[in-house]
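See structure below.
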Amino acid sequence: MTQENEKKFKSISTGEPCNAAQYLAEMVCIRRAERENKGSLAYKFWNKGDSYKIQVRVAHKIIKKYGEKPVFYYLNSPSGKNIYSLGFLHKSKKFVLILDFVEEGIKKAKKITDAQELQEKKVVKLPKGEYKQKKKKKNNSLLSKIRKADGNK
């Protein structure tokens, strides 16, 4: 299987396995529906409208160009929280175009994610030895004081 066709994500609405482009498109469509105050998406919304299909095509194009990590990093960052569309269909209806500000944001996110991957990851070794449990605190409530006075522990 190619990287694009791997179904390693879980659909937000149905819980079925889906690929990264479908997951991104669904996330953007849900954001748009919430912004327009339509509530949750309709049952099987991906069959009823072209907006989901267009967003999937744009997401495939973006993932092919930049990879998955930068796109997810950008859409979950504060600057990408208000993204309601990744792109649009050209008027010839033959290909899709990525929005300019989305592409710029993903380029910045790619620089950040590449820098994070280059950093050395510190491996923390646990010291050998036994771990002792934390001592329990004595309960000094009013009832426990009465029990102690009566001689019961």
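Going by the alpha-carbon gyration tensor, a ≥ b ≥ c the square roots of its eigenvalues, is segment 64-107 rounded (a/c under 1.5) or, if a/c is not under 1.5, prolate (a/b greater than b/c) versus oblate? It is prolate, given that a/c is not under 1.5 and a/b is the larger ratio. Amide H contacts of SER11: GLU16, CYS18, each under 5 Å away and 5 or more positions distant or on a separate chain (H built 1.01 Å from N in the peptide plane; Pro and chain starts excluded).
Of all the options GLN116, GLN55, GLN22, the one that moves most in a Gaussian network model of the chain with Cα springs shorter than 10 angstrom is GLN116.
In this structure, LYS136 and ASN76 have a Cβ-Cβ separation that, at R0 = 35 Å, corresponds to a calculated FRET efficiency of about 0.25.
Listed by chain and number, the lysines whose C-alpha is less than 18 Å from the C-alpha of LYS69, apart from same-chain residues fewer than 8 away, are LYS7, LYS8, LYS10, LYS61, LYS81, LYS107, LYS108, LYS110, LYS111, LYS121.
Extension gain for ILE146-LEU97 works out to 10.0 nm (0.36 nm per residue, less the C-alpha to C-alpha distance). When the chain is treated as a Gaussian network with alpha carbon springs shorter than 10 Å, the biggest mean-square fluctuation among LYS94, LYS69, LYS107 belongs to LYS94.
Tell me, what is the FRET efficiency for GLU36 and LYS7 to the nearest 0.05, using R0 = 41 angstrom and their Cβ-Cβ distance as r? Efficiency for this residue pair is about 0.90.
Between the Cα long axis of helix 20-35 and the first principal axis of the chain there is an angle of about 80°, rounded to the nearest 10. For segment 67-77, putting each phi into the Karplus relation 6.51 cos²θ - 1.76 cosθ + 1.60 with θ = phi - 60° gives couplings of x, 7, 4, x, 5, 5, 4, 5, 5, 9, 7 Hz, in residue order, rounded to whole numbers and with x for Gly and Pro. Look at (1) 11, 41, 39, 9, 0; (2) 9, 28, 23, 9, 9, 11, 8, 3, 1; (3) 10, 31, 33, 20, 5, 1: the one that is P(r) over Cα pairs in 10 Å bins from 0, in percent derived from this structure is (2).
For the chain, with a Gaussian network of springs between Cα atoms less than 10 Å apart, report the residue from LEU143, LEU118, LEU89 with the top mean-square fluctuation. Looking only at LEU143, LEU118, LEU89, the biggest GNM fluctuation is shown by LEU143. Taking every DSSP helix (H) stretch of at least 4 residues in the chain, weighting each as -39,500 (n - 2.57) and dividing the sum by the residue count yields a mean residue ellipticity at 222 nm of -15000 deg cm²/dmol.
With axes computed from alpha carbons, what is the tilt in degrees of helix 100-118 against the longest principal axis of the chain, rounded to the nearest 10 within 0 to 90? That helix lies at roughly 50 degrees to the long axis.
Every number in this text was worked out from the coordinates using simple rules, so none of it is lab data. It should be emphasised that the depicted structure is a prediction, and the values quoted were computed from it without experimental measurement. Neighbour counts are summed over all protein chains in view; Cβ atoms, including those assigned to glycine, are modelled from backbone coordinates with ideal geometry.
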